[in-house]
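Taking it in order: structure first as C-alpha cells, then the write-up.
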Amino acid sequence: MTKSRSRKRAVPKMGNLGGVREVSKKLKGSDVIFENREQLAEALMGLASAKITDILSWDDQGNVSVSDPKDIPEHALQSIRKIRAVPVGDKMQLEVEMIDKVRILQMLAKSAGILDRTPESEKPSVIEINMVGPKNGKA
C-alpha cells in the first residue's frame, strides 16, 4: 500500500493582509495629495506642456542638435522618460523618449471633471406641473 503525502496548505501571514494601520496610512497619503493638489496640478500641467523642441532643434538640412541642459526648462527635463545613445559608424545616434502626454492630459481632464460631464442632450428635462383641484369640492 502506498502512503499518501499530505500537502501542507500555505497560509499567508496575517501581517501582509493589512488592517487599521494600512488603511490609516492610505488615508494619510490621500490627505497629502489633497493638501498639495495645486502643486500636483502645476507639475502635471508642466509635463503636459513640454515639447520636443524644448530639448532638440533641427535645421532645414535635417541636422539635429541637443540643447544645452542648462537651457532646457525644468518641466521639459522632467518629461524625458529615456535617453539612449547608439553608436552608428563613427557617430552617435541619440534617441530621446518623452512621457506619454495623452495619458497625462487624460489624468488632468479626469481630475478636472471634464470626462465625467454628460452632454446637454442627455440631461433629463425638467417639467413643472401645477395640479389644481376642483373648487368648492365639486368635480
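Quick look at the numbers
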item: Leading residue by the ranking (farthest from Glu95 (Cα to Cα)) among those in the range 43-63 that are surrounded by 12 or more Cβ atoms within 10 Å (Cβ to Cβ) and free of Cβ contacts under 8 Å to residues at least 40 places away in the same chain; result: Ala43
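For (1) modelled with pLDDT of 90 or more; (2) in contact with an Asp or Glu (Cβ under 9 Å, 6 or more places away or on another chain), each residue gets a yes or a no:
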residue	(1), (2)
Ala43	no, no
Ser57	yes, no
Ile72	yes, yes
Ala76	yes, yes
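The values are calculated or read from the model by the stated rules, or taken from the named source; none is laboratory data. Keep in mind it's a predicted model, so treat the numbers as computed, not measured. Using ideal geometry, Cβ is built from the backbone for each residue, glycine included, and neighbour counts are taken over all protein chains shown.
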